[in-house]
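What follows is calculated from the coordinates using simple rules that are stated; it is not laboratory data. The model shown is predicted, which means the values in this text are computed figures rather than measured ones. Positions of Cβ are backbone-derived with ideal geometry, glycine not excepted, and every protein chain shown enters the neighbour counts.
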Amino acid sequence: MPLTYRKQKLTGWGQYLTSRAEVARPERRLEVSDALIRPSNIDGSVVARGSGLAYGDAALNKGGRVVAMGRLNRFLAFDSTTGQISCEAGVTLGEVLDVCIPKGWFLAVTPGTSRATVAGCLACDIHGKNHHVSGSFSEHVVSTNILTGNGNIVTCGPNLQEDLFWATAGGMGLTGIILDVTLQLRPVETAYVVAKNIVTRDLEETLQQIEALSSSYSVAWVDGVARGSRLGRGIIMLGEHARITDIPADQRTNLLNLRKRRARSLPFGLPIGMLGRPLALILNELIYRSAGKKTALSHVVDAYQYFYALDTIDNWYRLYGHRGFLEYQAVLPSPHALGAIRQMLEILHQTGCVSFFTSVKQLGASSRGHLSFPAPGYAFSFDVWAGDDNILSVLNRCDKITIDAGGRVYLAKDARLSAESFRSMYSRCDDWLAIARRYDPSGIFASDMSRRLGLSS
Amino acid sequence: MLAQELAHSYAASGWRIILAGRDDGELGRVASDLSIRHLATVDTISIDLAEEASVDAAALQVLRRGIPQVIIFVSGVSDGLREAPYNRSIAQNLLAVNYVGPTRLMSALLSDLKSAPGTMVAFVSSVAGDRGRRSNFIYGAAKAALNTYCQGLRALLAPDEVDVLTVKLGYMDTRLAYGAVAPILTCSPTYAAKAIRRAIERRRMVVYVPSFWRWICLALRAIPERLFIRLPMP
């Protein structure tokens, strides 16, 4: 029986791209297979959607069908001695943490939001602040079940049906519908993180220090508006999971239980994009100075506060007003990173595009995912208001710099990369296409993103 | 969905849960979810309310475990509402799952129930049972029968201090309403579960969920039949 569909307007997290699709919302596992049945009155392809946090059009499918997986969110198994946890596609990372922290386990890799689903994390092969140490999300997936285009449910993993697994890790949901995921967690002694901030004076020092300061977690906030000799100055934020001995002896109770925070939401859009440069200048200066005072002192913060600061406002995209924003995130191999990042910051300054949030982090070795983003080097990202007239041409210039440096743009955050640039960045694209066609011969899985990037017709 | 939410609500407060349902795979997944999230003790019983033998077997299993403190029937199908008046098998299934099955199960439990004071039996019925409409009256008739059954059962069990709750549920944002009802008219399953649990704890007899349906149903029932059948309302 075909699923019931409802026409809905869907948006990427950046609010920049919107399209209408027929949306189904299965509540039982058996219903998901019905997504392959094309209802007589609807044309087109299908793509799964989790929490809808991809910034661009990865989970949009104009005129086609979208399968919302949020209601398939049951935990299937958890072994608290080995730290292996199995759950359905729609379980969020926050839910995983609620279950595993009290038992002394933590996600091996986490992005900056706990609201992403496990299937979304695998499909984007997300990375965290510890990529240089722990690699990407897919490298901690033990196995996964995928409904493929020919109607089979295939169990795959790094050692089982590897071709499908590595095409799915970073495959943006285009190899099939991920039904469940089994993860290997990492042990922790407490639910806290020992954090430390290091202030840097310019871009060169920022990059040098990121590499020199060895820490499990590290990310640099960069002052997106500082120019001249201060270009690229920032704060390097380091973190380690706190051990029991890191906590003062009189506070060592309940270290694995965190009080849940309530997310607040913005009631309406704040067009800070339009306020532009003056506001960005003030904000960046304030952030830089406030961190400067705490330099080099270690402090203990709870894990939610450390990893998911932005989750405290559940719709922070509204900060950019109704036109939304674009995030540009590219990885740049080490030898060219300094020059490339400097060029991009200078282009932003010259063209008057203001980045409200700029960051750099170090990435380690790539996973085997064909379309997986992380690669050795530095990941550089900035957010810009989508309302600026020249923003697309500015980002196209950044693409050229990225390609020349041998880097690539992160698809989970992308909303505008051209098919041509995509091909120059992702050299294993043809291998990926061959595998995707094998498991989905009729090309049923497609999204606005796959059509834009030339991954489906 | 609603049954799942109710189970989560009780499991989170440390209750032991027995889940009964038709799809063993789903039952297993919900059971593992409850035990992982809430460390709850969960047991499952396979039951197909449309099959007499299955209902009887399930009743034996319930009796073997002893009458639970709270029993909630969240059974219901509403597939093929429009064809039902013309299609015997659809109509029969609607009646079986919504009315015949639950009452058959209850008949097997009744004598034990009479000696279990303090027990609460809740039936999730529907506002569709309050007035027959041309679009869903086979379903509505089954729910109306269930409502009347609840009234009688409540009176029968009152001396034994066993309470019976009729939940008249409006549109809820799950499979049954998805794509058919504007989302703004629906309540979430979490909301409904909370309201039902509250009604159970307050030992209410009849409750509309969401509560505004009480006034809508009152108005619908007040319309004279001769006028009602001419209304364009589906």
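Could you work out the relative contact order of the range A:75-188, using alpha carbon pairs under 8 angstrom and six or more residues apart, expressed as a whole percent? Averaging sequence separation for qualifying contacts and normalising by length gives 32 percent for the range A:75-188.
Checking the cross-link pairs B:Lys114/B:Lys168; A:Lys196/A:Lys361; A:Lys7/B:Lys194; A:Lys7/B:Lys168 against a 23 Å limit on the alpha carbon distance flags B:Lys114/B:Lys168; A:Lys7/B:Lys194; A:Lys7/B:Lys168 as lying beyond it.
Each residue in B:Phe137, B:Phe73 was given a count of other beta-carbon atoms within 10 angstrom of its own, and listing them fewest first yields B:Phe137, B:Phe73. Between the C-alpha center of the range B:16-62 and that of the range B:148-184 there is a gap of 20 Å. Peptide A:25-31 is shielded by partner chain Cβ atoms: per residue, an average of 4 of them sit within 10 Å of its Cβ. The range A:137-210 and the range A:31-62 have Cα centres separated by 22 Å. Taking the centroid of alpha carbons for each part, the range B:84-115 and the range A:212-243 are 66 Å apart.
Does chain A classify as rounded, prolate or oblate by the C-alpha gyration tensor (a ≥ b ≥ c root eigenvalues; a/c under 1.5 gives rounded; else a/b over b/c gives prolate, otherwise oblate)? Verdict is oblate for chain A. Here the protein assembly as shown carries DSSP beta bridges of which approximately 70% are antiparallel, counting only pairs with both residues inside.
Diagonalising the gyration tensor over the Cα atoms of the range B:1-83 and scaling each eigenvalue by 5 before taking the square root yields semi-axes of 22, 17, 11 Å, largest first.
Listed by Cβ neighbour count within 10 Å, with the fewest neighbours leading, A:Phe137, B:Phe228 appear as B:Phe228, A:Phe137. Taking the number of Cβ atoms within 10 Å of each Cβ as an exposure proxy, the fewest-first ranking of A:Trp13, B:Trp213 is B:Trp213, A:Trp13. Dividing the summed helix terms, -39500 (n - 2.57) for each DSSP H run of n ≥ 4, by the number of residues in the protein assembly as shown produces a 222 nm estimate of -10000 deg cm²/dmol to the nearest 500.
Restricting things to alpha carbons, find the Rg to Rh ratio for the range A:192-416 using the Kirkwood radius for Rh. Result for the range A:192-416 is an Rg/Rh of 0.98.
Which listed residue (A:Ala167, A:Pro39, A:Val181) has the Cα farthest towards the positive end of the charge dipole for chain A, taking +1 on Lys and Arg C-beta and -1 on Asp and Glu C-beta about the Cα centre? Most positive-ward Cα: A:Pro39. Each Lys and Arg adds +1 at its Cβ and each Asp and Glu adds -1 at its Cβ; summed about the Cα centre, chain B shows a dipole of about 900 debye. Given +1 at the Cβ of Lys and Arg, -1 at the Cβ of Asp and Glu and no other charges, the dipole of chain A around its Cα centre is 960 debye to the nearest 20.
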